[in-house]
Amino acid sequence: METVYRDYSFAKSAEYEKQITVETPINTAERGGVLKVLSVEAEAKVTGVELVAGEANVSGKVNFRVLYLDAAGKLCGLDYFKDFETKVEGEDVTADGKYRVELIVVDCSCGVQGDVMDASAAVNVRLAVQRNATCRGVASADGAELRIGTATFETMADERTSTVDVAAEENVEGVVKKVLLFDVAVALSGSKGAGEARATVLYQTETDEIGERSFIIPFAEEENASGRSAYDVRVKNARVVISGDEDVSAIEVEASLSRTACDYMTETADVVEEAFCYANKTEVTRETLAAKTFVGETHYRETLTGAPEAVGDIIAVRPVGLALAGAEVSDGRIRAEGVASFTLLCRNEDGFSSAQGELPFVYDLPFAEAKEGDVATVRVDVLGVKGRGRGDITAEVAISADVFREGTASLITNITEGAPREDDGAGISVYFADAGEDVWRIAENMGVAPSALIRANPFLAEPLAEAKKVLIFRAK
């Protein structure tokens with residue numbers, strides 16, 4: 001029996017996750033010492049990834065932003081960077097694979113010992129890897145009856161990265177003496193890489209008033225964007241510049257964003273699912289491939305509100321960490337839940353103080369293309385938290401979801417002829433088939449071609465819903 005083979009290309013993907021702790025001492029002796037830490041927040045960024053067989057070496061840095069009172073009781077802000085390296089192990093990690101690493105700060109803290117602040121951040125490292133692989137399968141075989149099916153294979157055609165520069169400027173009343181804290185968050189709002197950057201600047205004026213200014217800076221979709229792409233946007237670097245005269249200050253925010261697009265290509269191909277050799281008994285080797293396909297991406301904006309117990313008049317709210325408990329997909333819906341933690345910066349008759357709080361969330365989000373059993377990769381960004389006086393606080397939340405459909409493709413990779421089929425001379429053969437058996441297994445057991453078996457027993461369906469007596473008449 002002469003057999004012809006063909007290669008099938010498909011994308012093989014996997015996700016791995018681990019949590020690390022990044023710690024660092026911050027000596028404030030040359031900055032006037034430290035009396036009390038009011039708030040600490042942290043942001044983690046990837047600086048490099050190296051893939052080798054079985055593991056990814058991830059390097060990055062954590063930006064600690066600390067608001068504190070120095071030894072003289074003056075309000076101060078501090079940015080401090082700590083580099084880190086970690087290894088993420090995974091059997092599907094290969095040196096030539098594509099990757100995406102997401103770092104999520106789930107919690108951070110800062111203790112004080114003398115003039116030293118001990119900063120710590122718990123960081124989730126999420127690694128998604130994908131590579132294009134091939135599998136050799138049977139395309140045709142002389143002297144055999146084949147059942148041909150179809151399978152959908154998806155490959156990652158390309159991954160493109162571009163830089164998006166954004167900037168905004170606003171005037172504020174009074175003279176800005178110093179910037180206390182500054183952060184930039186970014187969120188997508190369209191399916192072709194469009195979105196906005198959100199910048200928040202916490203500053204102090206020469207009259208010791210605390211002000212906060214937020215900037216919303218939109219950016220356009222990618223030119224010549226593909227219809228089957230998944231996008232991700234991160235902040236590469238950002239800065240704030242203060243200028244102006246003695247009456248009015250100008251706050252200018254500049255940020256450089258990295259936008260990555262993963263292009264997917266889907267192909268439907270014929271595959272050999274079953275084989276029956278007329279002359280000899282047939283043994284087949286088959287392989288089941290994970291046929292994961294990209295369904296699409298979608299973006300949402302939601303609002304969180306809460307009424308935490310403040311310890312004075314709220315003058316600012318700072319993020320601490322974000323934990324996503326899970327994401328579940330059902331028909332037409334995506335459910336995401338988690339908790340955002342934050343610090344309230346307050347002022348009362350005793351000066352500045354702070355309080356901790358949390359905003360849990362559960363969102364049932366519509367997505368028409370979603371089906372039960374799909375898998376969603378969800379990213380949540382808190383774009384800004386507002387609070388004044390002793391009332392409620394409000395946070396705007398951006399949610400992005402990439403939805404994938406997990407399936408399998410079964411194909412025959414090899415056909416081997418065994419011993420010749422024996423004819424027992426009977427004019428009729430009877431076989432008692434159990435529920436769940438299919439035509440090809442029955443045919444193999446009876447030593448007859450599946451097409452002949454179906455012609456003789458047109459009632460047969462695959463698989464059998466109940467036990468059946470199957471007959472075949474043999475010509476003599």
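The values are calculated or read from the model by the stated rules, or taken from the named source; none is laboratory data. Remember, predicted model here, so these are calculated numbers, not experimental data. Note that each Cβ is placed from the backbone with ideal geometry, even for glycine, and that neighbours are counted across all protein chains shown.
Remarks
- Odd one out for residue 429, checked against (1) at pLDDT below 85; (2) part of a strand (DSSP E or B); (3) under 30 Å from residue 310 (Cβ atoms); (4) not hydrophobic (A, V, I, L, M, F, W, C): (3)
- The residues in region 439-460 that are under 19 Å from residue 148 (Cβ atoms), assigned to a helix (DSSP H, G or I) and not β-branched (Val, Ile, Thr) can be counted, and the count is 9.
- Of the criteria (1) at pLDDT below 85; (2) farther than 30 Å from residue 1 by Cβ, which one residue 373 fails: (1)
- Residue within region 171-181 that is closer than 25 Å to residue 296 by Cα and crowded, with 20+ Cβ neighbours inside 10 Å present: no
- When residue 285 is tested against (1) closer than 19 Å to residue 6 by Cβ; (2) surrounded by 14 or more Cβ atoms within 10 Å (Cβ to Cβ); (3) modelled with pLDDT of 85 or more, exactly one condition is not met: (2).
- Yes/no for residue 276 being in contact with a Pro (Cβ under 7 Å, 6 or more places away or on another chain) and crowded, with 17+ Cβ neighbours inside 10 Å: yes
- Each residue in region 42-59 was checked for being within 20 Å of residue 239 (Cβ to Cβ) and touching a residue at least 40 places away in the same chain (Cβ under 8 Å), and 5 pass.
- Residue 385 vs. criteria in a strand (DSSP E or B), in contact with a Lys or Arg (Cβ under 9 Å, 6 or more places away or on another chain) and either free of Cβ contacts under 8 Å to residues at least 12 places away in the same chain or surrounded by 15 or more Cβ atoms within 10 Å (Cβ to Cβ) (or both): yes
- Scanning region 402-423 for residues that are in a loop (DSSP other than H, G, I, E, B) and among the acidic types (Asp, Glu) turns up 406, 422, 423.
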